[in-house]
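To start, the structure under review is shown below, and the notes come after it.
The values are calculated or read from the model by the stated rules, or taken from the named source; none is laboratory data. Computed from a prediction, not measured in an experiment: that's the story for all the values here. When we count neighbours, we look across all protein chains shown, and the Cβ atoms used for this are built from the backbone with ideal geometry, even at glycine.
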Amino acid sequence: MDHRQDIINQAKAAKKASLRLRQLSTPSKNQALLSIAEALDQKRTAIIEANQKDLARAGRLTESLQHRLRLDNQGIDALVAGVRAVASLPDPVGEIGKMSRRPNGLRIATMRIPIGVICCIYESRPNVTVDIAALALKSSNACIVRGGKEAGGTNTVLVDIIKEAVSAHGIPKEFVQHIEPIDHNAISTLAGLSDYIDVMIPRGGEDLIDVVTKHATMPVLRHRKGVTHIYVDRDADLDKAGKIIVNAKTSNPSVCNSLEKVLIDSAIATRAVPHIVTVLQAAGVEVRGCEETRRYAPVVPATPEDWSREYLDYIIALKIVDGIDAAMEHIARFGTGLADGIVTEHYGRAWQFLTGVDSAATYVNASTRFTDGGEFGLGAEIGISTSKIHGMGPMGLEALTTTKYIVFGDGQIRE
């Protein structure tokens, strides 16, 4: 069934609401956010019941996919804390940049303003719905959310709770629009509505991003899949490397910032490969490796497809490379620009990696799992941008605003 007109009407409603949101005071937005947090806390039974139905409809899923879809009491606690954290953050809207005075007396400055209407398309994780709505509200944006069909029931309940909570504060409930995942043409329809939508943010697989990019008539901020790497340098502390790699892979393998590939300098392969394979296998990870890796440890043979795969599971691939230049070449070829790191005690190679690897978050001696708005002190994130325009990395409040010029005069005219 074609729901095109319904989608257009929702986009129009979001655009209209966005004009009202631009004039909201910071206290009003913060009070509404605290009401959302309280409502989520009070209505957790309804949320969990809807989520259980979604899980049952989804059928048999891998453990990692179940983790992405499940929203239990612990998950709701995190949602509530996240919304409250957003309420406590400084409001970027209205912030005035440095003002200059021109020779003719004009005073010119920049002012930070909301983008307008943000449309985010994503899969599985219903917690994303709340993150988007909270960040959009605090940054005075309207938002259109379209999650996957597997989380449709949960997302409907969450959006209904948010709408009811904000309406008590005079905020138009139309600021958040939930597009039901029942029309396969919805994504291409949304991507063509540049009259009402100011930016599209697709979060998910390459196919989703390609469809949005192909049809979009407005800017697209891409949140690509996470084919993440850690390079173990010849001057790495192997105990440190083992702990970082295990954490990056196993603390939550179902998310985009979990580690998928380990590159090991051939100069230390005889020591590094057995150690890293041992700690990974002890943590329950299936280790795949290149032919050279298999000389030093019993692992599953890696195929050419393994280097570009995002597993989102307890699987990892190891490859031996001839130094840091080869590691960076491999990352440039197979990485997705989301998060990559190096483990080394060598200052020069650490900086060579930081400046040479083109990723949204680049690490020295730390887990890639920190690539997250909350961990970066942003409160939450609407996505992790791997686009080059408008900034890369977790997108918090400031990333959901732009700047315009404001000009003060006293009757000046251009001669």
Only one of 93, 86, 80 that is more than 20 Å from the chain's Cα centre (by Cα), surrounded by 15 or more Cβ atoms within 10 Å (Cβ to Cβ) and touching a residue at least 24 places away in the same chain (Cβ under 8 Å): 93
Give the stretch 388-415 a look and list any residue that's surrounded by 10 or more Cβ atoms within 10 Å (Cβ to Cβ) and in a loop (DSSP other than H, G, I, E, B), or say none. 388, 390, 391, 392, 395, 396, 397, 409, 412
Which of the residues belonging to the stretch 360-387 are of a type in the set (Gly, Ala, Ser) and assigned to a loop (DSSP other than H, G, I, E, B)? 360, 366, 367, 373, 374, 377, 379, 380, 383, 387
Count of the stretch 304-323 residues which are surrounded by fewer than 17 Cβ atoms within 10 Å (Cβ to Cβ), touching a residue at least 12 places away in the same chain (Cβ under 8 Å) and either out of contact with any helix residue (DSSP H, G or I) (no Cβ under 7 Å at 6 or more places or on another chain) or under 17 Å from residue 233 (Cα atoms) (or both): 2
Of the conditions (1) crowded, with 16+ Cβ neighbours inside 10 Å; (2) under 24 Å from the mean Cα position of the chain (by Cα), residue 352 clears all except one; give me its number. (2)
State whether one or more residues within the stretch 270-284 are in contact with a helix residue (DSSP H, G or I) (Cβ under 6 Å, 6 or more places away or on another chain) and of a type in the set (Ser, Thr, Tyr). no
Within the stretch 88-108, can one find any residue that is closer than 30 Å to residue 254 by Cβ and either touching a His at 6+ places or on another chain (Cβ under 9 Å) or in a helix (DSSP H, G or I) (or both)? yes
Being buried (at least 22 other Cβ atoms within 10 Å of the Cβ), at pLDDT 95 or above and among the charged types (D, E, K, R) narrows 138, 163 down to just 138
What's the total number of residues in the stretch 60-74 that are part of a helix (DSSP H, G or I) and either under 13 Å from residue 129 (Cα atoms) or among the basic types (Lys, Arg) (or both)? 2
Test for residue 136: is it under 25 Å from the mean Cα position of the chain (by Cα), hydrophobic (A, V, I, L, M, F, W, C), over 17 Å from residue 154 (Cβ atoms) and part of a helix (DSSP H, G or I): yes
How about the stretch 195-230: which of its residues are over 15 Å from the mean Cα position of the chain (by Cα) and over 17 Å from residue 387 (Cβ atoms)? 195, 196, 207, 229, 230
Might you check whether a residue that is of a type in the set (A, V, I, L, M), within 24 Å of the chain's Cα centre (by Cα) and at pLDDT 95 or above occurs anywhere in the stretch 52-75? no
Tell me the helices (runs of 4 or more DSSP H) entirely within the stretch 172-251 that contain at least 2 residues that are surrounded by 17 or more Cβ atoms within 10 Å (Cβ to Cβ) and small (Gly, Ala, Ser). 186-191, 238-250
Residue that is nearest to the chain's Cα centre (by Cα) [pool: residues in the stretch 260-295 that are over 17 Å from residue 231 (Cβ atoms) and assigned to a loop (DSSP other than H, G, I, E, B)]: 285
How many residues does the stretch 16-38 contain that are surrounded by fewer than 19 Cβ atoms within 10 Å (Cβ to Cβ) and either more than 16 Å from residue 164 (Cβ to Cβ) or not charged (D, E, K, R) (or both)? 11
